[in-house]
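Please read the structure below before turning to the comments.
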Amino acid sequence: MGSQRRALITGIGGQDGSYLAELLLSKGYAVHGVVRRSSTFNTERLDAIYQDPHETHRRLFLHYGDLTDSSSLRRILTIAEPQEVYNLGAQSHVRVSFDQPEYTADVVSVGTLRLLEAIRDTGRQVRFYQASSSEMFGDNPEVPQNEDTRFQPSSPYAAAKCAAFWYTQLYRKAYGFFACNGILFNHESPRRGETFVTRKITRAATRIKLGLQEKLYLGNLDASRDWGYAPEYAEAMWLMLQQEKPNDYVVATGETHTVREFLELVFQHLGLDWRKHVEFDKRYLRPAEVPMLKGDASRARKILGWRPRTDLAGLVRIMVQADMELARKEQAAKGVGNQVP
Ligand code: NAP
Ligand code: GDD
């Protein structure tokens, strides 16, 4: 199939999948992506690629498939013949995993197993990246968390990610796969899904600023997260697969902040007092919580040469600016709300 590097991404239409696709296309890869059939468009995050003047979209190939459907995975692997596979597809919402534990396990853990088995059956040398998560550390009070910290999952999502983590290590040990787990701490961007807390806050605060919304309902404000900027985390994924040996890596900023602090920063940035707009809603609480995540990314820094470049204030600026533009468009379309320069 020629000398062009080829990658396959599951979850290409998600936040991380879209940034990773852009990164790989910019490096000259042919990029194949798995998308689920949906009754509405679910590839909006890939729109920027189609607007790229260098026409990199000519090297982008989307295939219908699903992590719950092995035959589709096998078919796509046969067509794409990738040298690198990035498994980012997931039911990735922690709260939702309490409502749909069985489905979450099917996609996240068995889905990973299906993909590993499908790769094994091709008999080809494939480098494999698994989107593991800091959520696996759960309520283990040890901080900062590194690659040796014990997993103590606190949600069906985390338990499923642990199984996928172990499958990935197992295929490395048993079959000599070049398989890596990226244990990524929370990372955000203007492409973050709107039901995750950072984006929920930036989206609501900017709409409140323009008079398009009055209240924001949230759950636990005391939880602490290590929030980084998503495009930088996509770079770490790629770096893992370019090393001589496979390994597992924590990717994090090393700083932690509460949801309340994030809220304060966003509202302050917009000249608003969050206490006037935010209300508690117990529906956003979880049956079990992860109180604090703070990562130690020393291994990634030393071996991959990776380091975060965007701090929390920078992340807030990027997200607020993007959501302000979105809110302005909404305001213009509706012809309502406050006029803010
Ligand atoms: P995301 O925005 O929720 O994207 C997940 C992608 O997976 C979406 O494109 C989704 O498709 C797809 N998907 C869902 N179910 C699928 C299925 N059954 N078969 C195939 N694809 C399916 O998540 P993200 O933030 O980009 O995260 C990427 C990966 O990293 C996920 O595995 C997540 O669990 C993991 N992770 C994320 C973070 C973080 O902070 N963002 C941290 C650690 C690990 P639809 O668009 O059709 O729903
Ligand atoms: N989503 C949400 N909505 N979270 C809220 C809300 C709310 O209204 N109010 C408070 N929170 C709290 C949650 O209880 C949690 O402690 C924290 O905000 C962060 O929640 P999310 O943004 O939903 O992210 P997460 O940490 O649960 O999971 C994300 O990060 C993981 C990595 O640690 C997801 O991206 C996972 O897929 C990822 O693996």
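Using the Cα coordinates of region 71-115, the gyration tensor eigenvalues translate into equivalent-ellipsoid semi-axes of 25, 10, 7 Å, sorted from longest to shortest. In a DSSP loop and with at most 15 other Cβ atoms within 10 Å, the trypsin sites (Lys or Arg not before Pro) in region 192-291 are 215.
Across region 229-269, Cα-Cα pairs farther apart than 11 Å form 73% of the total. For the cross-link pairs 209/329; 161/215; 215/329; 245/302; 200/302, the ones whose C-alpha atoms lie over 24 Å apart are 161/215; 200/302. Quick one: net charge around residue 109, please, counting Lys, Arg +1 and Asp, Glu -1 for every other residue with C-beta under 14 Å from its C-beta. Around residue 109, the surrounding residues sum to -2. List the relative contact order of region 112-253 as a percent without decimals, with contacts defined as Cα pairs under 8 Å and 6+ residues apart. It comes to 28 percent, rounded to a whole number. Taking every DSSP beta bridge that has both ends in the chain, the antiparallel portion is near 5%. Taking the Cα centre of region 1-119 as reference, the dipole from Cβ charges on Lys and Arg (+1) and Asp and Glu (-1) amounts to some 300 debye. Relative contact order for region 171-324: 35 percent, from Cα pairs under 8 Å spaced at least 6 residues apart, divided by residue count. Contact order for region 55-145, expressed relative to its length and based on alpha carbon pairs under 8 Å spaced 6+ residues apart, stands at 36 percent.
Evaluated on region 238-341, the Kirkwood hydrodynamic radius is 17.5 Å, with distances taken between all distinct Cα atoms.
Ranking 267, 82, 256 by Cα position along the charge dipole of the chain, where only Lys, Arg, Asp and Glu carry charges on their C-beta atoms, puts 82 farthest toward the positive end.
Average 1/r across all pairs of distinct alpha carbons in region 1-159, invert it, and you get the Kirkwood radius: 16.7 Å.
Annotation: amide H-H contacts under 5 Å for residue 228 (H modelled 1.01 Å from N, sequence separation of 5 or more, or interchain): 187, 188. Against the 2.2 N^0.38 Å scaling, with N counting residues, where does the chain land? I'd like the Cα-based Rg ratio to two decimal places. After normalising by residue count via 2.2 N^0.38 Å, the value is 1.00. A helix-only calculation puts the chain at -11500 deg cm²/dmol for mean residue ellipticity at 222 nm, using -39500 (n - 2.57) for each DSSP H run of at least four residues, averaged over all residues.
Would you mind counting up the charge near residue 153? Only other residues with Cβ under 10 Å from its Cβ, with Lys and Arg at +1 and Asp and Glu at -1. Combined, the nearby Lys, Arg, Asp and Glu give -1. Close amide H contacts of residue 89 (hydrogens built in the peptide plane, cut-off under 5 Å, sequence separation of 5 or more or a different chain): 10, 11. Taking a sphere under 9 Å around the Cβ of residue 13 and counting the other residues whose Cβ falls inside, with K and R at +1 and D and E at -1, yields a net charge of +1. Treating each Cα of region 1-68 as one equal point scatterer and applying the Debye formula with no solvent, the log10 of I(q)/I(0) at q = 0.11, 0.15, 0.16 Å⁻¹ comes out as -0.24, -0.44, -0.50.
Which helices pass in the chain if a helix is a full DSSP H run, must span at least 24 angstrom along its long axis by Cα, and must have mean Kyte-Doolittle hydropathy not below -1.0? Both cut-offs are met by 156-175, 312-334. With the highest mean first, a sort of the peptides 48-61, 173-186, 31-44 on other beta-carbon atoms found within 10 angstrom per residue produces 173-186, 31-44, 48-61.
Where a number appears in this text, it was derived from the coordinates with a stated rule and is not lab data. Predicted, not measured: the structure shown is a model, and the values here were computed from it. FYI the Cβ positions are ideal-geometry reconstructions off the backbone, even for glycines, and counts take in every protein chain you see.
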